[in-house]
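Undergrad: Before I ask anything, let me first share the structure, which is written out below as structure tokens.
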Amino acid sequence: MNKLFFFSLGLSAVLFASCGNNKPATAPNSPAAVDSLVPEIPPTSAFIDTLDGKPTTLYVLINKNHNAEAAITNYGARVVSLLVPDKTGSLTDVVLGYDSIGKYIHQPDTYFGAIVGRYGNRIAKGHFRLDGKEYTLATNDGHNHLHGGKKGFDAVVWTGKQINDQTLELTYLSKDGEEGYPGNLQVKVTYTLTDSNALQISYEATTDKPTVLNLTNHSYFNLNGQGSGTINNHLLRIYADHYTPVDSTLIPTGKIQPVAGTPLDFLQTTAIGARINDSSIQLKYGKGYDHNFVLSPAPDDTTRPDGLASAATVIGDQSGIVLNVYTNQPGIQFYGGNFLTGTNPLKNGKKDNYRSAFCLETQHFPDSPNEPSFPSVELKPGQTYKSTTIYQFSVKK
Ligand code: GAL
């Protein structure tokens with residue numbers, strides 16, 4: 001399947017004639033030339049293992065137009081590769097990832113491509129009260145709880161079911177007491193690669209006891225291609241006129257403040273790095289951008305039939321690849337790769353250099369269980385948690 005797919009992708013890349021990889025367009029009937037036109041996804045065999053008694057593997061999604069491909073492992077429900085066309089038609093792998101399951105297991109702190117939970121982002125001191133009861137969670141970020149704790153949803157083996165070439169369902173039962181959370185939580189994440197080059201992520205969850213929940217995807221994007229250098233020249237717009245300021249441990253102060261007059265104002269499209277050295281205390285605390293934005297409907301946002309709102313738009317300065325993010329969640333974390341150090345070996349021999357990728361994590365606000373004025377993150381028995389994120393790709397020529 002893959003070989004055929006690559007052949008047809010390579011063929012279309014050749015037909016687009018000008019290639020982003022500096023290779024001259026070659027006759028489409030040369031298999032060697034066709035292979036070299038497309039970045040390779042890791043082989044499935046590199047993801048076959050058994051962890052916690054469960055099998056791991058790599059699933060491949062191909063859209064119907066055969067011009068986008070995603071590779072997803074059931075270890076942490078992680079997006080490993082995501083290939084979309086750039087302005088010349090050449091396929092570009094826009095997410096950071098590793099080429100084997102072993103590297104994901106041994107370098108867990110980055111959360112590359114993972115579904116994070118039960119609570120994506122931070123909970124202060126790993127404590128919260130719910131319905132009069134005090135809960136203590138695992139702490140794994142100084143004194144705070146981050147991305148579900150020591151062994152969050154990023155580090156467990158999900159059960160995968162490939163529905164068709166475009167759709168993968170992943171399920172996980174998080175047991176009562178896991179990492180300190182109450183309730184048996186049944187989670188389903190569905191990845192769909194659409195005809196219009198969007199990766200749609202739908203989340204659903206139910207519980208048998210009241211619990212708190214905040215699921216998101218932690219893909220690191222570089223729209224010029226993973227490992228291709230700084231993201232500071234990417235252009236960014238975030239549809240948010242407020243944000244939640246944080247303290248020095250990245251826990252929200254509880255205030256909701258306007259972005260106006262701060263380097264967090266991305267209401268107008270701006271280069272990510274344009275104000276990165278501003279003396280703002282918020283950039284100091286975040287070591288750059290690492291903040292939750294409170295989404296507000298954009299004036300030019302036409303109502304989508306699916307009820308989702310525009311959250312952010314990013315443009316790769318070299319590739320022309322445009323990413324539009326849509327969600328039904330109230331916030332989005334914009335993280336500028338400030339903790340990347342270039343020490344992790346990415347796919348195809350690339351490095352995860354400092355600020356060479358960004359995350360746009362659709363979410364409820366950090367530390368909501370301890371902030372009554374933030375939208376509630378409680379899930380009760382009988383309710384179904386539903387969240388949708390669309391990462392839509394296109395090109396700007
Ligand atoms: C982000 C978070 C950062 C950092 C990163 C993982 O979601 O906002 O502060 O923890 O994950 O390195």
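The values are calculated or read from the model by the stated rules, or taken from the named source; none is laboratory data. Predicted model only: the values in this text are computed from it and were never measured. Positions of Cβ are generated from backbone atoms using ideal geometry, with glycine treated the same way; all protein chains shown enter the neighbour counts.
Undergrad: Starting from residues that are more than 13 Å from the ligand (Cβ to nearest atom) and in a loop (DSSP other than H, G, I, E, B), keep the ones in the range 107-138 and report whichever is surrounded by the most Cβ atoms within 10 Å (Cβ to Cβ).
TA: ARG118
Undergrad: So for the range 163-182 (the condition being more than 24 Å from ASN63 (Cβ to Cβ), among the β-branched types (Val, Ile, Thr), in the same structural domain as SER356 (by TED's automatic domain parsing) and more than 16 Å from the ligand (Cβ to nearest atom)), does at least one residue qualify?
TA: Within the range 163-182, none of the residues are more than 24 Å from ASN63 (Cβ to Cβ), among the β-branched types (Val, Ile, Thr), in the same structural domain as SER356 (by TED's automatic domain parsing) and more than 16 Å from the ligand (Cβ to nearest atom).
Undergrad: Of all residues in the range 248-275, which are farther than 16 Å from LEU236 by Cα and either touching a residue at least 12 places away in the same chain (Cβ under 8 Å) or not hydroxyl-bearing (Ser, Thr, Tyr) (or both)?
TA: SER248, THR249, LEU250, ILE251, PRO252, GLY254, LYS255, ILE256, GLN257, PRO258, GLY261
Undergrad: Working carefully through the options SER373, SER319, find the one that is in the same structural domain as GLY126 (by TED's automatic domain parsing) and within 22 Å of ASN65 (Cβ to Cβ).
TA: Among SER373, SER319, only SER319 is in the same structural domain as GLY126 (by TED's automatic domain parsing) and within 22 Å of ASN65 (Cβ to Cβ).
Undergrad: Anything in the range 322-344 that is more than 9 Å from the ligand (Cβ to nearest atom), over 17 Å from ALA309 (Cα atoms) and crowded, with 23+ Cβ neighbours inside 10 Å? List them, or say none.
TA: Of everything in the range 322-344, just one residue is more than 9 Å from the ligand (Cβ to nearest atom), over 17 Å from ALA309 (Cα atoms) and crowded, with 23+ Cβ neighbours inside 10 Å, namely GLY336.
Undergrad: If TYR354 meets every condition in (1) closer than 25 Å to ILE41 by Cα; (2) of a type outside the set (S, T, N, Q); (3) within 16 Å of the ligand (Cβ to nearest atom); (4) in contact (Cβ under 8 Å) with a residue 24 or more places away in the chain apart from one, which number is that one?
TA: (4)
Undergrad: Would you point out the residue of the range 50-91, among those that are more than 15 Å from the chain's Cα centre (by Cα), of a type in the set (A, V, I, L, M) and closer than 15 Å to ASP165 by Cα, that is surrounded by the fewest Cβ atoms within 10 Å (Cβ to Cβ)?
TA: So, considering only residues that are more than 15 Å from the chain's Cα centre (by Cα), of a type in the set (A, V, I, L, M) and closer than 15 Å to ASP165 by Cα, the one surrounded by the fewest Cβ atoms within 10 Å (Cβ to Cβ) is VAL60.
Undergrad: Moving to a separate point now. Just to check your reading of the model, which residue among THR136, THR88 is among the hydroxyl-bearing types (Ser, Thr, Tyr), closer than 22 Å to LYS175 by Cα and at pLDDT 95 or above?
TA: The conditions single out THR136.
Undergrad: Taking the condition of being surrounded by fewer than 24 Cβ atoms within 10 Å (Cβ to Cβ) and touching a Lys or Arg at 6+ places or on another chain (Cβ under 9 Å), how many residues in the range 219-234 meet it?
TA: Number of matching residues: 4.
Undergrad: So which residues in the range 359-381 are touching a residue at least 60 places away in the same chain (Cβ under 8 Å) and small (Gly, Ala, Ser), if there are any at all?
TA: SER368, SER373
Undergrad: Can you spot a residue in the range 141-154 that is among the hydrophobic types (A, V, I, L, M, F, W, C) and within 20 Å of ILE48 (Cα to Cα)?
TA: There is at least one residue in the range 141-154 that is among the hydrophobic types (A, V, I, L, M, F, W, C) and within 20 Å of ILE48 (Cα to Cα).
Undergrad: Out of all the residues in the range 233-248, which are part of a loop (DSSP other than H, G, I, E, B) and either more than 16 Å from the ligand (Cβ to nearest atom) or in contact with a strand residue (DSSP E or B) (Cβ under 6 Å, 6 or more places away or on another chain) (or both)?
TA: ASN233, HIS234, TYR239, PRO245
Undergrad: I'm trying to understand the selection: among the residues of the range 84-128, which are without any contact (Cβ under 8 Å) to a residue 24 or more places away in the chain and either touching a Lys or Arg at 6+ places or on another chain (Cβ under 8 Å) or basic (Lys, Arg) (or both)?
TA: Across the range 84-128, the qualifying residue is only LYS125.
Undergrad: Can I ask one more? Condition test on THR159, is it in the same structural domain as TYR335 (by TED's automatic domain parsing), within 27 Å of GLN107 (Cα to Cα), in contact with a Phe, Trp or Tyr (Cβ under 8 Å, 6 or more places away or on another chain) and surrounded by fewer than 17 Cβ atoms within 10 Å (Cβ to Cβ)?
TA: yes
Undergrad: What's the total number of residues in the range 378-392 that are part of a loop (DSSP other than H, G, I, E, B) and either outside the structural domain of GLN226 (by TED's automatic domain parsing) or within 16 Å of the ligand (Cβ to nearest atom) (or both)?
TA: The number of residues fulfilling the criteria is 0.
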